[in-house]
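Peer 1: My structure is below; once you've seen it, I'll send some questions.
The numbers here are math on the coordinates, done by the rules we state, and not lab data. Model, not experiment: these values are computed from the prediction. For neighbour counting, all protein chains shown are included, and Cβ atoms are generated from backbone atoms with ideal geometry for every residue, glycine included.
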Amino acid sequence: MNPKVENEREEIGTLVCFALEQEAAPFRKMAMKIPDVAILVTGMGTKNADAAVRRFLAKNLPKLVLTCGFAGGLDPELESGEVVFMTGYPALEERLVDVDAIMANFLSSPRIATTAAEKKQLRAETGADVVEMESGAILAVCRENRIPCAMVRVISDTADEDLPLDFNQLVNSETNLSYFRLAWAIVKVPWKIGALIQLHKKTSMAAQQLAEVLTKLLW
């Protein structure tokens, strides 16, 4: 049993957060051999991420938190499957560079960037290299609790790539993907099934590449 701190929170090594089980699944398999690692699937968006991490921290005190998963590329130089990171801790930066992650500027957005035009606009307005939805909230909670945190994400779609559907229209009131809405959207545009299958294959490969980097980092 790990030692407990004064407020009865159990100390653990690393908390690795993902928004979706699809993002977490490859690392979950690899993490079985890594000691002192917890995995938390928060759900999509700021509200879900904030609430899930706060619930976890009410009972646990990690030494490090990683906010992981997919990110959309805003920098045209970034390719699908490349792992990017941002953290303010030099020693952690060195370790991430050593496992072939690329330092990048992150933008946490309230919506999914679904078109190349939208990504180009975000790049011009913010100078960010990648966009995602949860890391800003998780980083804020970690700062509040004085826990070191790093954003470690994999490029799922590049800056010049349109997603086959506007996934913002397919989330429910809890900001999670509605499979009913997804199925109905596919019924209305069946010619996009091929593109959706290709996106699934590409994101699955990206999740695997992220898992390999995380395993090298934490093993």
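Peer 1: Between R146 and S80, what is the label-point separation in nm under the 7 Å Cα-to-beta-carbon projection?
Peer 2: Going by the 7 Å Cα→Cβ label model, 4.5 nm.
Peer 1: Of the labelled options (1) 20.9, 64; (2) 17.3, 58; (3) 17.0, 51, which one gives Rg and Dmax of the Cα atoms in Å as computed for this structure?
Peer 2: It is the value labelled (2).
Peer 1: Testing the spin-label approximation: label points 7 Å from Cα along Cα→Cβ at M103 and Q208. State their distance in nm.
Peer 2: Going by the 7 Å Cα→Cβ label model, 3.1 nm.
Peer 1: List the Cys residues of the chain that have no partner Cys with a C-beta closer than 4.7 Å.
Peer 2: That list is C17, C68.
Peer 1: Ok, one more. Of the peptides 8-15, 154-161, 61-68, how do they stack up when ordered by the mean number of other Cβ atoms within 10 Å, highest first?
Peer 2: 61-68, 154-161, 8-15
Peer 1: So what's the back-of-envelope 222 nm ellipticity for the chain, counting only DSSP H runs of four-plus at -39500 (n - 2.57) apiece and dividing by all residues, rounded to 500?
Peer 2: About -13000 deg cm²/dmol.
Peer 1: Also, quick follow-up: How far apart, in nm, are two points set 7 Å out from the Cα along the Cα-to-Cβ line at R28 and at K192?
Peer 2: Each label point lies 7 Å from its Cα, and together they span 2.7 nm.
Peer 1: Sort 34-41, 212-219, 195-202 by packing, meaning the average of other beta carbons within 10 Å per residue, with the highest value first.
Peer 2: Listed from highest to lowest mean packing, they are 212-219, 34-41, 195-202.
Peer 1: Return the whole-Å distance between the Cα centroid of the stretch 187-216 and the Cα centroid of the stretch 100-178.
Peer 2: First find each Cα centre; the distance between them is then 16 Å.
Peer 1: For a Förster distance of 25 Å, can you work out the FRET efficiency between the beta-carbons of E21 and K201, rounded to the nearest 0.05?
Peer 2: 0.90
Peer 1: If R0 is 25 Å, what FRET efficiency do you get for K216 and R55 from their C-beta distance, rounded to 0.05? Present the calculation step by step, with values, prior to reporting the outcome.
Peer 2: Values: r = 29 Å, r/R0 = 1.17.
Given R0 = 25 Å and the Cβ-Cβ separation, E is 0.30.
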